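The values are calculated or read from the model by the stated rules, or taken from the named source; none is laboratory data. On a predicted model such as this, the values are computed, not experimentally measured, just so you know. We place every Cβ from the backbone using ideal geometry, glycine too, and count neighbours over all the protein chains shown.
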Amino acid sequence: MKILVVTNLFPPHQADTDDFRCQNVTDALRERGHTVRVLTSTYGLASDSGHTARNVGSTSDQQDSVVQRRLRLNGAFGLEPVSGLGDLRELEARNNLVLREAIAEFAPDLIHVWSLRGLSKSLLLTLRRANIPTALDVSDTWLADELREDPWLSWWHREKVPAMHKVQRAGLELSGQRTKWDAEAPTFIEAGTSRLPAIFDPGTDAGFKPNSFAAFQLRRLHFSSPALQTATAQAGFRVAHGEVIHPGVDTRLFHGEVKPADAPVKKFLIVTRLTPHCGVRTAIEAIRLVRAQGAKATLTVHGRGNSEVQAKLRTQAVQGEVPVEFRASSQQRDFPGIYRAHDAFIYPVEREESFVGAPLEAMACGLPVIVNQDHGAEDLFRSRESCLSFPSGDSGLLANRILELIQTPNLANQLAQVGQNEVLTRYQFTNAVEQIERYLDDTVAQW
């Protein structure tokens, strides 16, 4: 097949994430004989740092036979949001034109949409109108979090807007201007429907029912976890028909020997995005409690993200006299060595995660894992068999789990053995790619 991949970020330009999955799947599909082209944003290019509304067209595109960096982000990953209807229309029209040009030039058999976080959600409407087989790989919360707040679509579809907004919008509609603009940057989600307050008006969350938004019933999509599918359905979108395909781990890259049963457990590792819900604060406090009992535990926190969160975590570590090393890497090849250089892995994220990759990678590299039992991926981990677990935000119980590994290295060895075996038998990356490939084939066949 000829597959056009549409996504917001693509390595090596990844903003605050260390998620290489889109690139890995794209490369794997190419190795399996498919012709794949990637359409992504200009994020990371030299002239795209902090672009504002008035220079949405000034960033130089970057194109080759595999990756085209042409789409413009809006108000995401530290970039300034576009304000003003004229500038917003310009950005929307440009992004949709770029998508239509990519489709016309490449003539794909299928379009594989990944995260649209920070990108124009009207692109979904352009794809719908193109009527080319389209499947969404949903591995973060952009659909549940961002679509209803999209500045362009919400400008047209909210009922509760200021009086001047209503006057301006009514004028554009009565004059036929909205219909003209719609051809360049879609504004109508459903034919004959000018407003969709149930989706776009703030403060209506209490009335949402799972799987209730018919307007955004996407025909084909697969999720990286059941928790993400549930969260998207609870936000109102009709996604119950979607499938779950776990990401899997590339064990050709992520592998390692389980440490002997008598090996000391001292060096703990966290790999995560640094957000208000990352749980690192809980982990630092747990390490402080462990060291107060005389155990020689250290912590490495590996990840990028919110600068304010990072500053607060560093301050907490200094004030608590906790030995915490903060690191970040932009190269996937660095991570296996990072895992193997530690004795155990902590997964403290305090909200349901859409993409649970790091603890599986740690397991593949032979580390025992401690996970937040409220992580929303219960199907991946079994407490006391393949991991230890603790309640979300409970630093005291996390400290107890850390002490268990330190004081009972034989337990650490057993957990690591079971965890590594489960990754090898159930969560191989090649299996995930095969499932995705079948899903894409079925999408074309059923379209």
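Please specify each residue of segment 182-196 satisfying the condition of being out of contact with any Phe, Trp or Tyr (no Cβ under 6 Å at 6 or more places or on another chain) and either of a type in the set (Val, Ile, Thr) or outside any helix (DSSP H, G or I) (or both).
Answer for segment 182-196, where residues must be out of contact with any Phe, Trp or Tyr (no Cβ under 6 Å at 6 or more places or on another chain) and either of a type in the set (Val, Ile, Thr) or outside any helix (DSSP H, G or I) (or both): 185, 186, 188, 189, 190, 191, 192, 193, 194, 195, 196.
Is there any pair linking a residue in segment 67-94 that is assigned by TED's automatic domain parsing to the domain that holds residue 115 to one that is surrounded by fewer than 16 Cβ atoms within 10 Å (Cβ to Cβ) and among the acidic types (Asp, Glu), with Cβ under 6 Å and at least six apart or on different chains, and which?
70/61
Between residues in segment 4-25 that are within 18 Å of residue 327 (Cα to Cα) and residues that are modelled with pLDDT under 85 and not in a loop (DSSP other than H, G, I, E, B), which pairs lie under 6 Å by C-beta distance while being six or more apart or on different chains?
Every condition considered, the pairs that remain are 16/305; 20/332.
For segment 352-372, which positions are over 15 Å from residue 303 (Cα atoms) and part of a loop (DSSP other than H, G, I, E, B)?
Those that are over 15 Å from residue 303 (Cα atoms) and part of a loop (DSSP other than H, G, I, E, B): 352, 353, 354, 365, 366, 367, 368.
Hey, can you tell me all the residues within segment 98-108 that are within 25 Å of the chain's Cα centre (by Cα) and touching a residue at least 60 places away in the same chain (Cβ under 8 Å)?
Answer for segment 98-108, where residues must be within 25 Å of the chain's Cα centre (by Cα) and touching a residue at least 60 places away in the same chain (Cβ under 8 Å): 99, 102, 103, 108.
Pull up segment 52-69, narrow it to residues that are assigned to a loop (DSSP other than H, G, I, E, B) and more than 21 Å from residue 11 (Cβ to Cβ), then point me to the one that is modelled with the lowest pLDDT.
Here the answer is 52.
Would you confirm whether or not segment 281-302 contains a residue that is within 21 Å of the chain's Cα centre (by Cα) and over 13 Å from residue 325 (Cβ atoms)?
no
Return the residues of segment 397-410 that are in contact (Cβ under 8 Å) with a residue 24 or more places away in the chain and buried (at least 16 other Cβ atoms within 10 Å of the Cβ); say none if nothing qualifies.
Residues satisfying the conditions are 398, 399, 401, 402, 403, 405, 406, 409.
Considering segment 103-120 alone, what residues qualify as being buried (at least 21 other Cβ atoms within 10 Å of the Cβ) and among the small types (Gly, Ala, Ser)?
Listed by number, the residues that qualify are 115, 118, 120.
Does segment 74-84 contain at least one residue that is hydrophobic (A, V, I, L, M, F, W, C), at pLDDT 90 or above, buried (at least 17 other Cβ atoms within 10 Å of the Cβ) and not in a helix (DSSP H, G or I)?
Yes, that holds for at least one residue.
So which of 443, 430 is among the hydroxyl-bearing types (Ser, Thr, Tyr), part of a helix (DSSP H, G or I) and buried (at least 17 other Cβ atoms within 10 Å of the Cβ)?
Answer to the check: 443.
Report the residue count in segment 132-141 for those that are surrounded by 21 or more Cβ atoms within 10 Å (Cβ to Cβ), within 15 Å of the chain's Cα centre (by Cα) and of a type outside the set (Asp, Glu).
Within segment 132-141, residues that are surrounded by 21 or more Cβ atoms within 10 Å (Cβ to Cβ), within 15 Å of the chain's Cα centre (by Cα) and of a type outside the set (Asp, Glu) number 3.
So, of the residues in segment 249-293 that are in contact with a Pro (Cβ under 7 Å, 6 or more places away or on another chain) and farther than 20 Å from residue 358 by Cα, which turns out to be surrounded by the fewest Cβ atoms within 10 Å (Cβ to Cβ)?
Among those residues, the one meeting the criterion is 262.
Give the number of residues within segment 142-181 that are over 22 Å from residue 82 (Cα atoms) and in a loop (DSSP other than H, G, I, E, B).
2
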